[in-house]
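Shown next, in structure tokens, is the structure this report addresses.
The values are calculated or read from the model by the stated rules, or taken from the named source; none is laboratory data. Quick caveat: nothing in here was measured; it's all calculated off a predicted structure. Here Cβ is always computed from backbone atoms with ideal geometry, including for glycine, and neighbour counts include all displayed protein chains.
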Amino acid sequence: MSDEYTDNKIEAKSADSSSGGYAPPTDHIPAKEAPDQELYHAKSFWTKWVFCQDAKVIGVQYALTATAIGMIGLILSWGMRLQLGFPETFSFLGPATYYQSVTMHGMIMVIYLLTALFLGGFGNYLIPLMVGARDMVFPYVNMVSYWMFLVAVLVLIASFFVPGGPTGAGWTLYPPQAILPGTPGSELGIVLMLVSLALFVIGFTMGGLNYVITILQARTRGMTLMRMPLSIWGIFTATVLALLAFPALFVAAIMMTLDNLLGTSFFMPEIFTMGEKLETGGGSPILFQHLFWFFGHPEVYIVALPAFGIVSDVISVHARKNIFGYRMMVWAIVIIGALSFIVWAHHMYVSGMNPWFGFFFATTTLIIAVPTAIKVYNWVLTLWRGNIHLTIPMLFSLGFIVTFVNGGITGLFLGNVIIDVPLSDTYFVVAHFHMVMGIAPLMVVFAAIYHWYPLITGRHLNQTLGKIHFWITFIGAYAIYFPMHYLGFIGVPRRYFEMYDSPYMTSGVGLNQFITIAALIVGFTQFIFLYNIFTSWYKGEKSERNPWKANSLEWHTPDFPPTHGNFGKELPVVYRWPYDFSVPGCDKEYIPQNVAPSEVPTAKVEKT
């Protein structure tokens, strides 16, 4: 802590100590470097709510579309669980349907739900508000990016209605089996999946460039990089990762489409199918695996880094305490992002790679755990001796920390080659992946929605329904995935349509039934959440301005909820970071970012 508040732009000077007094600090802000952004103002219902250029509306559009496709993914998971828990009970669940459900569930949840929610939804809504901008720097391109996403979703859904149905190749889409006869959806189904992924990448590239340029070029005066909320740092770094990683997925999708439609051999070796030799030759299925996982592992952090940032902000606000080690948290986000590009092949230990490559990727996998652990320590130290308010956003944030730590510990198992090889094709991997990549990020999604819902709608969500939602989701998630670790240890293989008879796996039958019932309960609970969302929009308790007493700029707009342009006639000026809570010498519990030093002359704040 310091009596002096200084940096290269804003100065707070105390009086000479010999005088025995304290002079109010002086405020100095540099002049504007560029005129205000010209905004397009909607002239009809269609341009205000449908083909809209307001980033806030686009963010809501992304979120609603991602939620809709996510509910389809949820229902597909019920079909999978019913088959595994009660095989030969439901006539509509044949082998083809099961594998199609596995494939579509995985791809929907990872790409079309989580990525779209964190970057398209929260990114669009929060970036301009939190950095003090009127809108994204390219509003029209931003609108087009959403419509590309919507088209990608519709193409994906269309695969359910074509002959042969959607692809059943598994969510990783490994060739050659993905495009060979005998695999469900090996004709039109796989083509529509690949086209949808290509469209998604094109749309995201438009949006991602917008996010990066807005953060770098459109911040308001005084908003230095080291005064940005950690939510923005997480979204920014994840967007950079996506812009670098998604091209690998894009080219893999195009190359496999050509293999399927034109008979090229990018991924197709010399191979026999149905007793006949195909005319392909020279392709490498392993090349696809490298391309897919070069995208696939950064994708984990494309989802995780925004979650890290959001949970940091939620914890700080609801514990009424500044984030511990802000600069360390920023550098941890950046380092995790950089390291995520050199760990991809730990997904490929069983592909026959050279053992020295296995050693290298096992080492980098353990190294990336270090900055991740730093973030966990800093969250715990932020909570330490804080004035913790157990609001629903805080409950979900605490649930995230516990779940992410548990999932991360099992990741240390799988990062080790000698342990991963026997566990690789078992339910241990399913449990680990869902704890880290499924439940933990969804906990943050729920925390963020409960936290920012008053900002979006001017109303609170129903608190009783919210607590029911949290406790069933949290306890139910562990009821689903903890037993799966045991199933993996006893050797129950993943991807199998039904359990084979084995004296070593009799305990797995009862556990699969238990897991299925838990999954159905947790799934139905999400409909309670959706009911809460839509009914509270019109009937929820009206929120006061800044109900959580937060410091960041989105809560300090002239209009509440914020309108088009965000900040009225004048953009705000930033004097501090967004974590000045319980500052010694200040009679207020919190100091917003746009409060000048001269307004709180006795506050002993952090230098930022």
Please indicate, with yes or no, whether at least one residue in segment 448-461 is more than 25 Å from the chain's Cα centre (by Cα) and either outside any helix (DSSP H, G or I) or not small (Gly, Ala, Ser) (or both). no
Any chance Ala158 is at pLDDT below 95 and either of a type in the set (A, V, I, L, M) or in a helix (DSSP H, G or I) (or both): no
Checklist (1) surrounded by fewer than 20 Cβ atoms within 10 Å (Cβ to Cβ); (2) under 14 Å from the mean Cα position of the chain (by Cα) applied to Ala440, failing item: (1)
Hey, among Gly325, Gly337, which residue is within 24 Å of the chain's Cα centre (by Cα) and under 18 Å from Asp580 (Cβ atoms)? Gly325
Condition first: over 18 Å from Leu423 (Cα atoms) and assigned to a helix (DSSP H, G or I). Now tell me which residues in segment 332-352 satisfy that. Ala332, Ile333, Val334, Ile335, Ile336, Gly337, Ala338, Leu339, Ser340, Phe341, Ile342
Give the residues of segment 450-469 that are closer than 18 Å to Val522 by Cα, surrounded by fewer than 23 Cβ atoms within 10 Å (Cβ to Cβ) and not hydroxyl-bearing (Ser, Thr, Tyr), sorted by residue number. Leu465, Lys467, Ile468
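Each row is one residue, and each column tells you yes or no for (1) farther than 30 Å from Leu287 by Cα; (2) crowded, with 22+ Cβ neighbours inside 10 Å.
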{"position": "Val343", "(1), (2)": "no, yes"}
{"position": "Tyr349", "(1), (2)": "no, yes"}
{"position": "Phe359", "(1), (2)": "no, no"}
{"position": "Ile367", "(1), (2)": "no, no"}
{"position": "Leu381", "(1), (2)": "yes, no"}
{"position": "Leu390", "(1), (2)": "yes, no"}
Here are Gly168, Gly182: which of them is out of contact with any helix residue (DSSP H, G or I) (no Cβ under 9 Å at 6 or more places or on another chain) and either free of Cβ contacts under 8 Å to residues at least 24 places away in the same chain or part of a loop (DSSP other than H, G, I, E, B) (or both)? Gly182
Before we move on, is Ala152 part of a helix (DSSP H, G or I) and either modelled with pLDDT under 95 or closer than 24 Å to Ile286 by Cβ (or both)? no
Identify, by number, the condition in (1) surrounded by fewer than 20 Cβ atoms within 10 Å (Cβ to Cβ); (2) within 25 Å of the chain's Cα centre (by Cα) that Val201 doesn't meet. (1)
Does any residue of segment 163-171 turn out to be buried (at least 23 other Cβ atoms within 10 Å of the Cβ) and within 26 Å of Glu554 (Cβ to Cβ)? no
How many residues, within segment 557-585, are out of contact with any strand residue (DSSP E or B) (no Cβ under 8 Å at 6 or more places or on another chain), at pLDDT 90 or above and among the acidic types (Asp, Glu)? 1
Could you check Arg495 against (1) assigned to a helix (DSSP H, G or I); (2) exposed (fewer than 15 other Cβ atoms within 10 Å of the Cβ) and say which number it fails? (1)
Ala116 - would you say it is in a helix (DSSP H, G or I), of a type in the set (Gly, Ala, Ser) and either surrounded by 19 or more Cβ atoms within 10 Å (Cβ to Cβ) or without any contact (Cβ under 8 Å) to a residue 12 or more places away in the chain (or both)? yes
Just one of Glu570, Glu544 is free of Cβ contacts under 8 Å to residues at least 12 places away in the same chain, part of a loop (DSSP other than H, G, I, E, B) and over 17 Å from Val131 (Cα atoms); which is it? Glu544
Restricted to segment 65-113, and to residues that are assigned to a loop (DSSP other than H, G, I, E, B) and touching a helix residue (DSSP H, G or I) at 6+ places or on another chain (Cβ under 6 Å), which residue is farthest from Gln513 (Cα to Cα)? Leu93
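A quick yes/no check of all residues on (1) out of contact with any Asp or Glu (no Cβ under 6 Å at 6 or more places or on another chain); (2) touching a residue at least 60 places away in the same chain (Cβ under 8 Å); (3) farther than 30 Å from Thr382 by Cα:
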position: Leu241; (1), (2), (3): yes, yes, no
position: Leu244; (1), (2), (3): yes, yes, yes
position: Pro247; (1), (2), (3): yes, no, yes
position: Phe250; (1), (2), (3): yes, no, yes
position: Met255; (1), (2), (3): yes, no, yes
position: Ile271; (1), (2), (3): yes, yes, yes
position: Gly275; (1), (2), (3): yes, no, yes
position: Phe292; (1), (2), (3): yes, yes, yes
position: Val303; (1), (2), (3): yes, yes, no
Among Thr535, Thr473, Thr557, Thr516, which is the only one that is hydroxyl-bearing (Ser, Thr, Tyr), farther than 30 Å from Lys321 by Cβ and buried (at least 18 other Cβ atoms within 10 Å of the Cβ)? Thr516
Can you tell me which residue is surrounded by the most Cβ atoms within 10 Å (Cβ to Cβ) among those in segment 302-331 that are basic (Lys, Arg) and not in a helix (DSSP H, G or I)? Lys321
